[in-house]
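Participant: Could you have a look at this structure, given as structure tokens, before my questions?
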Amino acid sequence: MTTNQPKRVDVLIVGGGFGGMYATYKFREMGLEIQSFEAGGGLGGVWYWNRYPGARVDLPSIDYSFSFSPEIEQEWTWSEQFAAQPELLEYINFVAKRLDLNKHFQFNTRITRAAWDEARKVWVLKTEQGQVWEAPYCIMATGPLSVPKDPEIPGLARFKGELHRAARWPHEPVRFEGKRVGVIGTGSTGIQIVQEVGKTAGELFVFQRTPSFTMPMRNVPLEPDYVAEVKRNYAGIRMAARNSAVGGTRPQSTRGFFTVTPAQRQTLLEDAWKNGGLAMLGTFSDLLVNEEANEHVANFVRNKISEVVKDPVTAEKLKPRGYPIFARRPCLDTSYYETFNQANVHLVDLYEQPIVEITEKGVRTEKGEFELDMLILATGYDGLTGALTAFDVVGRQGRTVNQKWKDGASTYLGLMMEGFPNLFMTTGPTGPAALANIIRISENDVDWIADLMVHMEKTGMASAEVTPQAEKAWMDIVGGLAKNSLLLKAKTWYLGANVKDKPLGLTLFTGGFHKYREHCEAAKQDGYRKVLSFTARQVQEAV
Ligand code: NA7
């Protein structure tokens with residue numbers, strides 16, 4: 001399309017991750033005309049961009065997959081308990097091909113503006129190529145982790161060596177052999193990179209500001225018998241996931257930490273450590289609310305670090321302190337702590353020697369310059385809200401999302417916003433994103449939006465908007481739950497603490513995925529009239 005003449009469809013979908021893929025499929029199957037956009041050159045979202053060595057999902061692959069198609073569940077076979085990025089992308093492309101999704105997407109296309117036309121009751125989207133599209137409904141499937149963040153360190157542009165960002169990793173192979181490599185960032189991403197790059201790099205310098213708690217993933221190949229069993233039981237597995245707090249089959253406990261003896265606690269923690277994955281988080285019910293219980297578990301992990309890391313000084317530096325375990329996203333590793341026993345791997349503690357600047361040759365801290373051939377940035381994202389504040393999303397009366405969220409994100413169910421009729425988010429802020437399986441949330445959200453659209457079509461409504469009262473009531477629920485949560489006690493992207501000048505606040509629903517679904521269901525009662533206001537089509541035509 002070369003003209004600026006608006007093209008009209010029924011639904012515009014922004015984003016080609018799991019949410020955008022399912023939305024595209026679902027609305028097409030409903031007989032709607034759709035146009036979807038994706039900034040990347042292909043589908044997959046996070047898994048399209050994050051091609052860094054060692055990238056791997058930290059939920060079991062069986063859970064981390066679409067549930068809406070029993071055929072695809074039977075046709076696709078996962079090879080490992082925790083799939084690596086290449087297999088995840090293969091799965092995504094398999095689903096896309098199977099459902100013929102690519103033809104609905106315009107790739108390499110960023111949306112630069114989305115604005116609601118109140119008179120005509122349409123969303124008008126502009127692409128960076130200058131095209132204009134409009135539709136009554138717009139779905140922002142833009143993801144909670146799609147805006148990577150560079151570190152706020154002066155001099156980055158001066159670096160003359162190879163510079164790689166984890167979330168914009170090149171498609172061509174990157175070689176580390178014989179090179180002096182630096183990694184900034186020790187969250188989930190940095191940990192995955194370090195344990196992999198450490199295997200081949202000449203020298204590896206790990207620039208650590210806040211150490212993370214990481215636990216053994218204990219990844220295993222999936223045996224054919226196990227896969228067959230899973231394929232027989234997918235319906236039950238999905239049902240259990242939908243009724244769980246995390247949207248997966250991970251065991252959850254109802255047992256409080258102090259209800260069992262110290263010896264029993266130790267046994268339970270040792271078992272969880274041996275089982276791997278996020279089992280530790282499921283050992284007791286109160287680890288995110290009881291600070292004393294949490295500290296016991298934190299100490300358990302600190303002791304494990306001492307058992308693995310041979311140099312006691314390095315071990316001490318790797319031990320996280322000053323914030324509760326699980327308050328930052330718990331990381332899973334295969335050999336992270338072991339990597340620091342290698343002679344070619346060096347921990348640079350940025351508490352001791354903060355980074356001053358990036359130079360032409362490498363990284364200069366307060367104690368000296370580290371010369372590098374390659375610098376890798378694993379410095380996180382403008383999470384949860386970043387995608388919708390990165391460009392103009394303009395609602396009723398010209399108000400932007402940026403203006404609406406200037407003191408913190410406010411939504412209804414992470415799905416809709418007062419002032420933004422017919423605009424929907426999947427896995428949006430104040431929903432359970434980041435705390436539960438993103439694919440289960442995406443499916444729930446798209447289904448919810450689809451149900452609402454069907455209702456609107458049946459009742460002849462042109463637009464739907466959440467009432468200010470319903471949005472406030474939801475925010476009160478989110479805020480009330482967050483009050484007791486230890487998640488507030490760490491500086492994380494969950495709180496927006498990693499982005500300069502971002503309003504601080506926990507914009508996540510901490511009540512669990514199952515409870516979130518109950519709230520979504522409750523909204524439908526009485527034709528949504530307790531929570532949404534509608535404009536009828538006749539009224540629109542009279543305008
Ligand atoms: P995270 O978890 O936000 O981690 C980013 C890391 O980068 C973290 O260790 C930061 O240290 C570090 N960082 C950021 N800026 C700097 C500067 N200026 N200097 C030194 N270190 C810095 O992002 P990830 O990509 O690892 O993980 C995101 C999610 O992906 C994760 O939660 C999973 O859900 C999957 P800081 O903590 O700020 O001291």
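The values are calculated or read from the model by the stated rules, or taken from the named source; none is laboratory data. What you see is a predicted model; the values in this text were computed from it and never measured. Cβ atoms come from the backbone with ideal geometry, glycine included; neighbour counts cover every protein chain shown.
Participant: Which condition number in (1) closer than 30 Å to Lys179 by Cβ; (2) away from the ligand (no atom under 16 Å from the Cβ); (3) of a type in the set (Phe, Trp, Tyr) is the one that Phe370 fails?
Facilitator: (2)
Participant: If only one of Leu388, Leu347 is surrounded by 17 or more Cβ atoms within 10 Å (Cβ to Cβ), farther than 30 Å from Asp407 by Cα and not charged (D, E, K, R), which one is it?
Facilitator: Sole residue among the options that is surrounded by 17 or more Cβ atoms within 10 Å (Cβ to Cβ), farther than 30 Å from Asp407 by Cα and not charged (D, E, K, R): Leu347.
Participant: Here's something else I'd like to know. Suppose we filter region 195-222 for residues that are in a loop (DSSP other than H, G, I, E, B) and either in contact with a strand residue (DSSP E or B) (Cβ under 6 Å, 6 or more places away or on another chain) or over 16 Å from Tyr52 (Cβ atoms) (or both); how many remain?
Facilitator: To start, the set of residues in region 195-222 that are in a loop (DSSP other than H, G, I, E, B) comprises 198-200, 202, 209-213, 217-220, 222.
After this cut, where a residue has to be either in contact with a strand residue (DSSP E or B) (Cβ under 6 Å, 6 or more places away or on another chain) or over 16 Å from Tyr52 (Cβ atoms) (or both) as well, the list is 198, 200, 202, 209-213, 217-220, 222.
Going through region 195-222 one residue at a time, the tally reaches 13.
Participant: Please work out which residue is farthest from Lys319 (Cα to Cα), limiting yourself to region 199-225 and to residues that are crowded, with 20+ Cβ neighbours inside 10 Å and among the aliphatic types (A, V, I, L, M).
Facilitator: Across region 199-225, the extreme among qualifying residues is Ala201.
Participant: Tally the residues that are in contact (Cβ under 8 Å) with a residue 40 or more places away in the chain, in a loop (DSSP other than H, G, I, E, B) and among the β-branched types (Val, Ile, Thr), restricting the search to region 287-323.
Facilitator: Of the residues in that region, 1 qualify.
Participant: I would also like to ask the following. Would you please name the residue that is surrounded by the fewest Cβ atoms within 10 Å (Cβ to Cβ), looking only at residues in region 478-503 that are hydrophobic (A, V, I, L, M, F, W, C) and touching a Gly at 6+ places or on another chain (Cβ under 6 Å)?
Facilitator: Leu481
Participant: Scan region 488-543 residue by residue and report those that are assigned to a helix (DSSP H, G or I) and either in contact with a His (Cβ under 9 Å, 6 or more places away or on another chain) or without any contact (Cβ under 8 Å) to a residue 12 or more places away in the chain (or both). Quick ask: steps written out before the conclusion?
Facilitator: First pass over region 488-543, keeping only residues assigned to a helix (DSSP H, G or I): 488-489, 513-523, 525-528, 537-542.
Residues satisfying the conditions are Glu518, Glu521, Ala522, Gln525, Asp526, Gly527, Tyr528, Glu541, Ala542.
Participant: Something else: Can you tell me which residue is nearest to Trp49 (Cα to Cα) among those in region 160-193 that are touching a Ser or Thr at 6+ places or on another chain (Cβ under 7 Å) and surrounded by 14 or more Cβ atoms within 10 Å (Cβ to Cβ)?
Facilitator: Within region 160-193, the match that is nearest to Trp49 (Cα to Cα) is Ala166.
Participant: List, please: which pairs have Cβ atoms under 9 Å, are six or more places apart or on different chains, and start with a residue in region 467-485 that is at positive phi and polar (S, T, N, Q) and end with one that is assigned to a helix (DSSP H, G or I) and surrounded by fewer than 16 Cβ atoms within 10 Å (Cβ to Cβ)?
Facilitator: Once the first residue is at positive phi and polar (S, T, N, Q) and sits in region 467-485, no partner that is assigned to a helix (DSSP H, G or I) and surrounded by fewer than 16 Cβ atoms within 10 Å (Cβ to Cβ) comes close enough.
Participant: Applying the selection to region 429-444, what residues are in a helix (DSSP H, G or I), closer than 17 Å to Ser69 by Cβ and not basic (Lys, Arg)?
Facilitator: First pass over region 429-444, keeping only residues in a helix (DSSP H, G or I): 438-444.
Now narrow it down to the ones that are closer than 17 Å to Ser69 by Cβ: 439-440, 442-444.
Once the filter is applied, which keeps residues that are in a helix (DSSP H, G or I), closer than 17 Å to Ser69 by Cβ and not basic (Lys, Arg), region 429-444 yields Ile439, Ser442, Glu443, Asn444.
Participant: Can I ask one more? Output the residue which, of all residues in region 226-275 that are among the small types (Gly, Ala, Ser) and under 21 Å from the mean Cα position of the chain (by Cα), is surrounded by the most Cβ atoms within 10 Å (Cβ to Cβ).
Facilitator: Once the filter is applied, the top-ranked residue is Gly247.
Participant: Which one of the conditions (1) modelled with pLDDT of 95 or more; (2) within 21 Å of Arg218 (Cα to Cα); (3) assigned to a loop (DSSP other than H, G, I, E, B); (4) within 13 Å of the ligand (Cβ to nearest atom) does Ala327 fail to meet, given that it meets all the rest?
Facilitator: Of (1) modelled with pLDDT of 95 or more; (2) within 21 Å of Arg218 (Cα to Cα); (3) assigned to a loop (DSSP other than H, G, I, E, B); (4) within 13 Å of the ligand (Cβ to nearest atom), only one is false for Ala327: (2).
Participant: So which residues in region 337-361 are more than 12 Å from the ligand (Cβ to nearest atom) and either aromatic (Phe, Trp, Tyr) or at positive phi (or both)?
Facilitator: Tyr337, Phe340
Participant: Here's a follow-up. Select, from Leu332, Leu388, the only residue that is within 16 Å of the ligand (Cβ to nearest atom), outside any loop (DSSP other than H, G, I, E, B) and under 25 Å from the mean Cα position of the chain (by Cα).
Facilitator: Working: Leu388 fails: within 16 Å of the ligand (Cβ to nearest atom).
Leu332 is the lone residue from the list that is within 16 Å of the ligand (Cβ to nearest atom), outside any loop (DSSP other than H, G, I, E, B) and under 25 Å from the mean Cα position of the chain (by Cα).
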